[in-house]
Amino acid sequence: MNMSNPDFHGSLHAAPAGRGAAVEFDHISKDYGDLTVLHETSLRIEPGELFALIGPSGSGKSTLLGMLAGFVPPSYGAIRVDGTDIVAVPPYRRNIGMVFQNYALFPHMSVAENIGFPLKMRGCSRGEIAERVKRALAMVRLDSMGERRPAQLSGGQQQRVALARAAVYDPRLLLMDEPLGALDKNLREEMQEEIKRLQRALGATVIYVTHDQQEAAFLADRLAVMRAGMLEQIGTPRQLYEMPGTHFVASFLGEASLLPVEELLARDGREVRVRTPGGLVIRALAPSRVSERRAVCLRPENIVLGPAARERDNHFLGVVEEAVFTTGSLRYRVRLPGSDSVLTVRVPSHPGIELLAPGSSVDVGWDAAMAVTIADD
Amino acid sequence: MADARAGTGARTQRTPARAWSPARRGIWLLVPPLLLLGLFFVLPLAYVLIQSGSAPKGPFDTYVRIARETSLHYPLIYTFRTAAIVTVFALVLSYPVAFLISRARGRWQLVAMTLVLVPFWTSAVIRSYAWLVLLQRRGIINEALLTLGLVDRPLRLSNTDIGTHVAMVQIMLPFMILPLLSSMRAIDPSVLRAAAILGANPARQFAHVYFPLTLPGVGAGCALVFISTLGFYITPALLGGSSTMVAVAIEQQVSRLLDWPLASALATVLLVLTCLMFLLYERLNSRLASRGGA
Amino acid sequence: MRANASEPLWRIVGLGLTGFAVLVLIYLVAPTLAIVPLSLSPDPFLRFPPPGVSLRWYEAFAHSIDYQLAILNSLKIGIPAAALATACGVMAALAVVRGAVPFRRTLAALLIAPLILPQIVLAIGLFPLMAKVGLVGTYPGIVLAHAVVTMPLVFITVSAALRTYTPSFELAAMTLGANPWRTFVHVTFPMIRAGIVVGFIFALTFSFDELILAMFLTSPTTRTVPRLLWEQLNYQMTPIIAAATVVLLGATIALLCLAAFAATRSRHLSGGAKGVQP
């Protein structure tokens, strides 16, 4: 029992709120023969942070999580939890809590037995197990469900049992692999609140894998967008939404319209003037080195239609190609003059507003601060 | 893009040797089963091969004799022919039964499954003995025919190819029905409904949709029956036929003639034939699977 | 196929098919049942219709030292052989289904090969080898031989049981602090118990019925029921065999009912929810 994690037993007794573990992936990579599923990646997650990994399936986010849990041995590199390399530590000695996609509740055990399982494995006395299971059930508001079997619970209830089971031994690091993927939309939103509440109560560091960008933005302190086995961008949800670094990030998080850039005309501090292949001159923000940036990214809600557009930094006369009502907003596709560029525009809907007819001309405008240049790939 | 970041940072030490991996731990579990298999299966089979070359007149003498002497190689041909006949009849008889069981509901399905499973697990010795009781000179069939006055003298039923084949097919039926049934149960009924809506009559639905979907089961059943019949001993030994099956021939070589090398050579040929049939089946099966037939 | 059930032609075809299938089922089951009247006949020779009903052959069977010894031998051989086959089969299934073993396909083929290969071939190789080390005619000899040919049955049933649920249950147990052994005891075993029990019963049934290896590897003192039946069939055919086979048939059916019961009971216990496959 050469335990690399000295807190394995210590964490059982004290329940130290606000004491999450620091996680560091140090030049970690994974390949299966010739197939590389995770390119060399380094990443640091701060104590107590709720960090989300998002990306399409096969982007390597689950591989990263599996490595941290101990299911997937990395090909290269080190993974440090509070400074100790855990690569050689088997999962059952890592003292990490994990919530699985389909909960993985043991069907042959009652809810209480499921939650008590990690305590039993840690040699807790019967009395202590009963006490802590009771507390955990109260925490997830399932006080009267202890004797039921998982199959007798609803999806949301099963999800809470899975949370309670992963948290009952006060792990300083909690992993969640698409924990809400099997729930319907309304329940999912309710559970997001629950998870946020729980994380604050526990003070644990949480690493959360999902392909749902809204969920990630709602929950996470910071998030990392993954793509094809690489980290594409890391930042707060706001940073990533408002200042996406690449086309991929821009379109993965929310909706985005992209205007290709042909030439950089001028630069003034963080603001640039660029020209599109269609000859439009656009003012936009350029967060960093501009040479790599070859497109301007616009969010649909930041574009103004109608007379008000004339007062913006950028103003054009576009043609409405498509007009649709969606719940809460009117969604337009507007073609800019002299180009193939079509913008997606979202305008809040209310009874006093007319839907513009396709084919009609309309003023389109936005401020320079609302547009950001990104790498187009 | 993929190359942009790989190799940028300094590569840290290679970790697989010390990384904990749940999968790698499975390997030691194989030690006991492989030990059992190695000592009491692989080793004896290797010994059969060695023994077949231990004839006094040289290592290939036994095989030359099998090739030359009709009495030695005919059982192989006869066995192959029997296996083919048994397989065809078993398939033709089993297909409708499996089809009906797969469509039956509730109690009828249970009854039919019991009627298939009980024979499946009944000793072949018992089932062959039953056929002997039926077919022998003073067996149930002849007694009944005589009593009813349909024949004057008992018919010769045992020790004939027909009698033995009828018994072998009956003993092999469950081995055909069960794989057919599992492939039929896997068929999504909406596929047939779709075919019907698209205008296929029942015969066409069967030929173009249903039958192709059951091909994996047909293959598995035929392979199972054919390979099992190749090594059939009990029924042919008890009921006889116009010629000897190879398993019976092998047993006779050792128990009556004490010719272990020759028996081993016949056993080797049987072993190779069985393996070939199995490989052929695997090939067909994977081709079927890769074509997306199922 | 019922789409056009209203058309008389297809209805006739359907009826014909049903009739044919029923005839095949009769052909499958009836011949074996022919032993029953024979076993109840008072005559030493077969007559049809039987002249009366008597239990004398059952009595003779009950008093036969030969049969008592053979049944005892079959148990002494079948139970340890099935136990050994179960232990090895479970380990092999765990390694092949859950582990990252190399050459998985080849390994799986090798593990089911003893069931497919004609037993006569194995017998020809095992007999001389076992004779050299003095195992022919002993219990360990036939136990090991039966274990090797029945291990595939356990391997198949347990592999199937393992495939009914995702490995995430075992991974979950590990993150919760259970080492591999405790993971097996508390999670894997309860979830594959039915597969193990069914595999064990199949192995036991197979060993009870197996003739060829028993012919080569047992002696008159260790001979099993199938070998005794076989010898009696070939040398002194009396209706006592019929009585014995009817009893054995009953025992086989009882064992199978037990296996079916074990399978349904476990399904009931786990509440039908063995986890959603991803």
Subset of the range C:243-278 [at the interface with another protein chain (Cβ under 7 Å from one of its Cβ atoms) and modelled with pLDDT of 75 or more]:
C:Thr245, C:Leu248, C:Leu249, C:Thr252, C:Ile253, C:Leu256
Going residue by residue through the range C:20-33, is there one that turns out to be more than 9 Å from every other protein chain (Cβ to nearest Cβ), part of a helix (DSSP H, G or I), more than 24 Å from B:Arg138 (Cβ to Cβ) and not aliphatic (A, V, I, L, M)?
no
Name the one entry in C:Ile240, C:Ile201 that is at pLDDT below 90 and within 11 Å of chain B (Cβ to nearest Cβ).
C:Ile201
If you check A:Leu223, A:Leu183, which single one turns out to be out of contact with any strand residue (DSSP E or B) (no Cβ under 6 Å at 6 or more places or on another chain) and buried (at least 17 other Cβ atoms within 10 Å of the Cβ)?
A:Leu183
I'd like to verify a number: residues in the range C:171-187 that are crowded, with 23+ Cβ neighbours inside 10 Å and either assigned to a helix (DSSP H, G or I) or more than 7 Å from chain A (Cβ to nearest Cβ) (or both), how many?
6
Number of the exception - B:Pro96 against (1) out of contact with any helix residue (DSSP H, G or I) (no Cβ under 6 Å at 6 or more places or on another chain); (2) farther than 25 Å from C:Thr205 by Cα; (3) surrounded by fewer than 22 Cβ atoms within 10 Å (Cβ to Cβ):
(1)
Among the candidates B:Ser54, B:Ser102, single out the residue that is closer than 30 Å to C:Val133 by Cα and more than 9 Å from chain C (Cβ to nearest Cβ).
B:Ser54
May I ask you to list the residues in the range A:232-260 that are over 11 Å from the mean Cα position of the chain (by Cα), hydrophobic (A, V, I, L, M, F, W, C) and assigned to a strand (DSSP E or B)?
A:Leu258, A:Leu259
When you go through (1) at pLDDT 90 or above; (2) closer than 13 Å to A:Arg299 by Cα one by one for A:Gly254, which number turns out not to apply?
(1)
How many residues are surrounded by fewer than 24 Cβ atoms within 10 Å (Cβ to Cβ) and part of a helix (DSSP H, G or I) if we restrict to the range C:127-142?
8
Of all residues making up the range C:204-218, the number that are in a helix (DSSP H, G or I) and facing chain B (nearest Cβ under 9 Å)
7
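Results for (1) over 30 Å from B:Ser54 (Cβ atoms); (2) away from every other protein chain (no Cβ under 11 Å); (3) in contact (Cβ under 8 Å) with a residue 12 or more places away in the chain; (4) among the β-branched types (Val, Ile, Thr), shown as yes or no for each residue.
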residue	(1), (2), (3), (4)
C:Leu55	yes, yes, yes, no
C:Ala70	yes, yes, yes, no
C:Pro80	yes, yes, yes, no
C:Leu84	yes, no, yes, no
C:Ala109	no, no, no, no
C:Val121	no, no, no, yes
C:Leu126	no, no, yes, no
C:Gly141	no, no, yes, no
C:Thr157	yes, yes, yes, yes
Among the residues in the range B:193-216, are any within 20 Å of the chain's Cα centre (by Cα), within 12 Å of chain C (Cβ to nearest Cβ) and in contact (Cβ under 8 Å) with a residue 40 or more places away in the chain?
no
Unmet criterion (only one of (1) crowded, with 23+ Cβ neighbours inside 10 Å; (2) away from chain B (no Cβ under 14 Å); (3) of a type outside the set (A, V, I, L, M, F, W, C); (4) over 14 Å from the mean Cα position of the chain (by Cα)) for A:Gly229:
(2)
State which residue is surrounded by the fewest Cβ atoms within 10 Å (Cβ to Cβ) when the search covers only the range A:25-79 and only residues that are of a type in the set (Gly, Ala, Ser) and at positive phi.
A:Gly33
Candidates A:Lys61, A:Lys134, filtered to the one that is of a type outside the set (S, T, N, Q) and over 25 Å from the mean Cα position of the chain (by Cα)
A:Lys134
Please indicate, with yes or no, whether at least one residue in the range A:318-333 is aromatic (Phe, Trp, Tyr) and in contact with a Pro (Cβ under 8 Å, 6 or more places away or on another chain).
no
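The values are calculated or read from the model by the stated rules, or taken from the named source; none is laboratory data. Every value quoted in this text rests on a predicted model; they were computed, and no experiment measured them. Because the Cβ atoms are built from the backbone with ideal geometry, glycine has one as well, and the counts that use them run over all protein chains shown.
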